[in-house]
Amino acid sequence: MNINLLDDALHALNRAAAAAARSGHDAVAPDHILAGVLSEAAPAFQEMCKRLELDPQVLDEGLRDAPPTYEGHLPFTEASHRVLTVAVDHAQAQGHEGVTSLHLFLGLLRSGLPEVDRNLEGWAVDSGDVADEIDSSLAGATFEPNEEGD
């Protein structure tokens with residue numbers, strides 16, 4: 001299986017590792033991926049939040065301030081692997097050439113993990129409804145691989 005993470009997804013996952021390390025964890029969990037996506041705040045993610053009237057500022061600050069870089073390597077937990085699998089499967093099913101941070105966020109929402117819903121309680125929305133909206137916005141979208149082939 002060829003997995004192409006686009007720059008914003010790579011940066012979000014690097015932030016996730018940094019958030020895990022900062023918290024003293026020895027693996028990247030789904031809440032760290034959420035922190036990475038929220039902290040990276042890619043333009044497409046910001047646009048989606050604006051369109052759905054979701055204010056990331058109401059969520060826990062620890063989810064919004066993940067450091068931008070982490071020089072080490074941390075493995076992913078089993079639950080994080082589930083999130084990544086959902087994200088990659090969705091991108092491939094839609095015919096997208098790469099996985100973006102929006103795909104990662106969709107993977108979090110579609111993973112069925114209770115900790116994801118707990119972390120998003122400040123939005124007072126149904127994660128399934130948000131996932132459906134993201135699905136709709138990603139349908140027909142095109143994402144090109146990084147020029148370096150990353």
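Here are some notes:
- Translational diffusion coefficient of region 1-104 (Stokes-Einstein, Kirkwood radius from Cα pairs, 37 °C, 0.692 mPa s): 238 µm²/s.
- As a proxy for reagent exposure, Arg110, Arg22 were ordered by neighbouring Cβ count within 10 angstrom, fewest first; the result is Arg22, Arg110.
- Cβ crowding within 10 Å, taken as a proxy for footprinting-reagent exposure, orders Thr77, Thr100 from fewest neighbours to most as Thr77, Thr100.
- Derived scalar couplings between HN and Hα for region 76-90 equal 9, 5, 4, 5, 5, 4, 4, 4, 5, 4, 4, 4, 5, 4, 5 Hz in order, rounded to whole Hz, by the Karplus curve 6.51 cos²θ - 1.76 cosθ + 1.60 (θ = phi - 60°), x for Gly and Pro.
Taken together, the values in this text are just the output of simple stated rules run on the coordinates, not laboratory data. Note that the coordinates shown come from a computational prediction; the quantities given were computed from them, not determined experimentally. Because the Cβ atoms are built from the backbone with ideal geometry, glycine has one as well, and the counts that use them run over all protein chains shown.
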